[in-house]
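The structure appears right after this line, and notes come after that.
The numbers here are math on the coordinates, done by the rules we state, and not lab data. None of the values given here were measured: they were computed from a predicted structure. Positions of Cβ are generated from backbone atoms using ideal geometry, with glycine treated the same way; all protein chains shown enter the neighbour counts.
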Amino acid sequence: MALPPPDPQFVLRGTSAAVHTLHFSCGGPEPDIPLLFSGSENGFVHVWNLKTHRVDTALDGHGRKSVYCVETMGGKDRLLSQGRDQRICLWDLAEGRTSVTDSVFTEHVGFCRCSLLKVAQGRWLMAMAARSLEEVQILELPSKTSVCTLKPEVGAKLGMPMCLKLWQLSCDSQPVLLAGYEDGSVVLWNVSMGKVLSQLICHQEPVMSLDFDAEKAKGISGSSEKVLSIWSLNEQQNLQVYKTHELVNAGISDITIRPDKKILATAGWDHRIRIFGWKKLKPLAVLDYHTATVHCVSFSDHSNPQERLLAAGSRDQRISVWSIYAQT
Amino acid sequence: VSFIPDGLDCSISFVSHVLGKVCVHGRQKEILGVLVPHLTDLTKSDCIWQRICWRLVECVPDRWMEAVVLGFLQGAPGADVLSRLLGNLVVKNKKAQFVVTQKMLLLQYGHTTAVLQNLLGYLSLDSLRRTLLLRVLQELLETWSSSSAVKHSPAEQQLYISKAILICLSHLKEPEIQSCRQELLTSMMEGVKCHLDSSLPQLRRLGMVVAESISLKINTEGLVLKFEYEEDNETRELKSLLVQTPPFCVVPSLPDDESEKAGAALPLVPESNEKPHTAAPVMPDEELDAELDSDDDLTPYDMSEDKELKIKAPVYIRDCIEVLTGSRSEDVDKWEATVKALESLVRKNPAATREVSVELAKILLHLEEKTCIEGFVELRQRAQVAVLTTDPIPVVKYLTSQFYSLNYSLRQRMDILDILVLAAQELSCPKFHGKTKHSGAQKPYIQLLPGSDSSKDWRRIVDERIKSKTRRFAMGQSHVELASRPNKFNSVAGHFFFPLIQHFDRPLTTFDLLGEDHLVLGRLVHTLAILMYLAVNTVAVTAMGKALLEFVWSLRFHTDSYVRQGLLSCISSLLLSVPMERILADMTEELLETQSWLGDVMEKDPDGDCRRLALQNLLLMENLKKKLETVPS
């Protein structure tokens, strides 16, 4: 007899706008307060205190234009936020400051979230969609120097890049980029040489979101249709479709795999969050709390596994936080 | 003839005379049936026999030349054979040239496609004759693109000319096309305009097919004209004429073009198959792995509630009105659900609908597609019909007044007519779904009209009714009377009919029924015919009949054949619906005038359908009068 799905552990209210992106920062040592960063449609980045469940700070750096990506850079003191004002802002939040230290003008008018990868101490690579329609630009942060521009060949007709993921197999291997495009294909790019390693058509509709497990060389992508596509990377660096999973309702906004690679969560247009087992994509739970499209899901990075949380932000302006499968 | 000895000089002219005389007496088939196969064999490789044959036909006196040429064209198995038999007769003999290039193509139209192929193929096979081919094409195009020809010549003739044009095009070579490209383009533009203006769908389709073919020929690369129309046997046959499969290939490039075009239709299918192909799943490796699955200790939760998301439509009519008029763009899901659910809601809540009927009708008339729903037009139409049948009088008053108002598109006006017809049909037919067997005299069950071709169905049904009526008095009453229900159309028939007929001659700035908008006039006339037909057994039927007769009388000389067909349908409906006693009593003079007009139409109208309808009406009139006389008073 299966149990009914759990209720959220708590719900954060107070953004007064649709929530587009979430990022946890709970990995710090004991006296540090676990935090959750959220970006909303009204241009604010809210810093939530997960002990008091209240907003500690509200950062206003995007001219009231929607913020659709937030990431931390090595701890909760440095934050990166990307907004619809075509800017990526770098924040310094140490010691209660709330200042923008730097910004990058991307000239990108779409919704493609940037992707960060730490390559060395104090150095990151950032992949972002650039001004030109099909291009992805790789920048090095904090120097903001351009590493390369990834341009598909003429006539490839991939459309806009929709989602990006930078990763490397280990610290000294080449960084590679997985990009999902508007025509439904996922492309694997070699960053240093700027060439396509492999391309795979995963969906008939634009790829909305993807995530990748570097250890198992397996990834998953979701689109505006009813199908989730799981693909793998073989030794020759070629992408192959591994499996597909049909959903009950069409439309996925976000997919994320938990850091321990055991489960993954999807944010659906049908207001529901779905949990699957990562190994076999076994459906585990359907969390039906929100009353509008769920825009983002994120797992926390708690060092204590028992405290791990899942957060989901929705168009109904609420962030639901769940504790699910935390015991394993 | 077949045993003329070789090497002897002889005069063929006697034979030619005999041939000519026989042909002109109408015996072409007999004599040429024997002659042509022999000559075909003999002239295959023998030049002398070819010359003899040519001499034979050239010596036929002019007064019999036409019959002989026609006979050959009909009897020859192919253009190449014809070329061997006739040689350059058309170039040398004026009469033959006239017959072949003018009379058979422009003045007659009864010949088969095979004859056309022979004729035009023959013209194309020799360089001397090719100039004639080009001239012929020019003249055909002139006729095809002349608006008066399109309006006044019968459909069969237009089909014939279109076929001839297509065959000519198939014979043209590249340099020739290039030289007359400009003229082709001009004629195509003019011709397509006249054809699309026509109210008859068949003529529009003809114009589209020919224009597409011309465009294909003159622009072999890049942009070609492409129309959207329903393919049927006629269009397929026409398109097949563009392909020539000559046994002795004179113009090899053209069939390639056509097969390219056919090939172009195919790649669409393999292309779309490619995409899923690349996404075909590789056999998952995990089935080979015997790995212990740590997923197994993750127990799933109950997911039985996880069903498809359904947006709920509003349950009350007033809520529907709010959603449909609301400007909140976020509620598109709700708007869609409302549009889909509206018809059934209206039918389930007649009292609530009656309170807001006119408002709802107004909203629906102006409702435009906000999102992409399948079958939006049909959904809207069904909802409108539901509203109209629930509360007929105020809504029909509104709709008929809007039909004649400013600032509506032609499409909207024609939609109003469609709705009126559908609602009238619903109101007048008792609710049945095939369980009762009606005799032919009762109204047959009619499907939801698809729109622009409704006139065809109605004509068919009226024809059936006429047939049944004409048979019935011979068989006598043999069927059982069935349970009847009150005819809801009775009380409102006049409301449907009279406002439509009132203002047809009053032009507005944007809408002139008697002028440019003759398509709408045609539709209006057909609508009136249907309303008349449905008004049988109603109280107002006689008054309606009288008004309709006057209406028909004033429009009887209209130039558009679609309108004339409608007027004749009106007469049919009138004769079927209004009891004959009343017609004879109240409308005697008008009836006589109509009878003479029908006789005129039957003899002189260029359109075949009009003539047929007029004949049927006259027969119907006769039968009804006779029936009246035989029924004992």
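Put in order of Cβ neighbour count within 10 Å, fewest first, the listed residues B:VAL541, A:VAL11, B:VAL36 become A:VAL11, B:VAL36, B:VAL541. Here the calculated FRET efficiency for B:CYS180 and B:LYS397, from their Cβ-Cβ distance with R0 = 56 Å, stands at 0.45, rounded to the nearest 0.05. Residues B:PHE489, B:PHE504, A:PHE105, B:PHE497 in ascending order of nearby Cβ atoms (within 10 Å, fewest first): A:PHE105, B:PHE504, B:PHE489, B:PHE497.
Candidate cross-link partners of B:LYS29 among the aspartates and glutamates, defined by an alpha-carbon separation under 19 Å and a same-chain spacing of 8 or more, comprise B:ASP41, B:GLU66. 3J(HN,Hα) along segment A:5-18, derived from phi through the Karplus expression 6.51 cos²θ - 1.76 cosθ + 1.60 where θ = phi - 60°, amounts to x, x, 8, x, 5, 7, 10, 9, 10, x, 7, 6, 6, 4 Hz, with x in place of Gly and Pro. The alpha carbons of the protein assembly as shown stretch over 123, 89, 57 Å along the principal axes, in descending order. Residues whose amide H comes within less than 5 Å of that of A:ALA285, counting only those at least five positions distant or on another chain, are A:ILE275, B:TYR301 (H built at 1.01 Å from N in the peptide plane).
Taking a straight line from the alpha carbon of B:LYS625, these aspartates and glutamates sit under 17 Å away, with near neighbours fewer than eight places off in the same chain left out: B:GLU581, B:ASP586, B:GLU589, B:GLU590, B:GLU593. For B:LYS340, the lysines whose Cα comes closer than 20 Å to its Cα, not counting residues fewer than 8 places off in the same chain, are B:LYS310, B:LYS312, B:LYS348, B:LYS362, B:LYS370.
Tell me, A:LYS218, B:LYS29 in order of fewest to most beta-carbon neighbours within 10 Å? Working shown, then result.
Details: A:LYS218 19, B:LYS29 12.
Result, fewest neighbours first: B:LYS29, A:LYS218.
Restricting segment A:39-117 to trypsin sites (Lys or Arg not before Pro) that sit in a DSSP loop and have at most 11 other Cβ atoms within 10 Å of their own Cβ leaves A:LYS51, A:ARG97. Label sites at A:VAL119 and B:LYS625, each approximated as a point 7 angstrom past Cα along Cα to Cβ, lie 10.2 nm apart. Couplings for segment B:64-81, taken from phi via the Karplus curve 6.51 cos²θ - 1.76 cosθ + 1.60 with θ = phi - 60°, read 10, 4, 4, 4, 5, 4, 4, x, 5, 4, 7, x, 6, x, x, 5, 5, 4 Hz in order; Gly and Pro are left as x. Along the axis of the charge dipole computed for the protein assembly as shown (Cβ charges of +1 for Lys and Arg, -1 for Asp and Glu, origin at the Cα centre), the listed residues A:ALA156, B:ILE501, B:SER572 are led at the positive end by B:SER572. Over segment B:486-630, what relative contact order in percent results from Cα pairs under 8 Å that are six or more residues apart? After rounding, I find 22 percent. Converting phi to 3J(HN,Hα) with the Karplus coefficients 6.51, -1.76 and 1.60 and the offset θ = phi - 60°, segment B:490-499 yields 4, 6, 10, 4, x, 5, 6, 7, 5, x Hz in sequence order, with x at every glycine or proline.
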